[in-house]
Amino acid sequence: MNLLEGKISEIKTEGSLSLVKVMVQNCPITSIVIDTPESAGYLAIGNSVKILFKETEVVLAKAFSGTISLQNKLDCSVHSFEKGKLLCKIILKFQNTRIASVITRNAFDQLDIQENDLVQAMIKTNEISLATHD
């Protein structure tokens, strides 16, 4: 499981759902949660939260220049990788931390991933969970 830490900068609520923007240094990360500021005390602007997401939910792109609906795009560099026959695990440097992505070997080969490559790690809003620092 990947873990980042940030501060809530914006909350938009409709019904029982909230779209929460968290700033990790200068990078916004958005999560949709089944909670509201009224039902969950941790949902307040300025509060520190943990951002959690699975390695299998991290999509990678190299030299991406198109428009895409994914809102969470993290500029990273490739730190290291482990190649298997079916899957590859890529360790990425994002700001001062490491995050991991697991993709198919076919995708890894198509992207021609090498150490120190610049890539964008992308995560769907609904695949990001938030947790308090308790």
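Things to note:
- Spread of Cα-to-Cα distances over 10 Å intervals beginning at zero, given as percent, for the chain: 12, 41, 30, 14, 3
- Extension gain, Q110 to L3: 0.36 nm times the residue separation minus the Cα-Cα distance gives 35.8 nm.
- Pairs beyond 18 Å (Cα-Cα), from K50/K83; K73/K124; K12/K54; K7/K54; K62/K89; K7/K62: K50/K83; K12/K54; K7/K54; K7/K62
- Ranked by how many other beta carbons lie within 10 Å on average, peptides 91-102, 66-77 from highest: 91-102, 66-77
- Per-atom-type breakdown for the chain gives carbon and sulfur 49% of the accessible area (1.4 Å probe, protein chains only).
- Distance from the alpha carbon centroid of the range 97-134 to that of the range 20-87 works out to 9 angstrom.
- Toward the positive end of the charge dipole of the range 2-131, with +1 on the Cβ of Lys and Arg and -1 on the Cβ of Asp and Glu, the farthest Cα among S31, V119, L74 is that of V119.
- Secondary-structure-derived ellipticity at 222 nm for the chain, considering helices only, amounts to -1500 deg cm²/dmol, per-run term -39500 (n - 2.57) for DSSP H runs with n ≥ 4.
- Within the range 115-134: backbone nitrogen closer than 20 Å to the T67 label point (7 Å, Cα to C-beta): 122-125
- The charge dipole of the chain, taken about its Cα centre with unit charges on the Cβ atoms of Lys, Arg (+1), Asp and Glu (-1) only, comes to about 260 debye.
- Normalised per residue, the accessible area of the chain is 57 Å², obtained with a 1.4 Å probe and no contribution from ligands, DNA or RNA.
The values are calculated or read from the model by the stated rules, or taken from the named source; none is laboratory data. Quick caveat, the model's predicted, so the values are computed rather than measured. FYI the Cβ positions are ideal-geometry reconstructions off the backbone, even for glycines, and counts take in every protein chain you see. Each accessible area value is taken on the protein alone, full model and side chains, heavy atoms only, with ligands, DNA and RNA left out. Shrake-Rupley method; radii C 1.70, N 1.55, O 1.52, S 1.80 Å.
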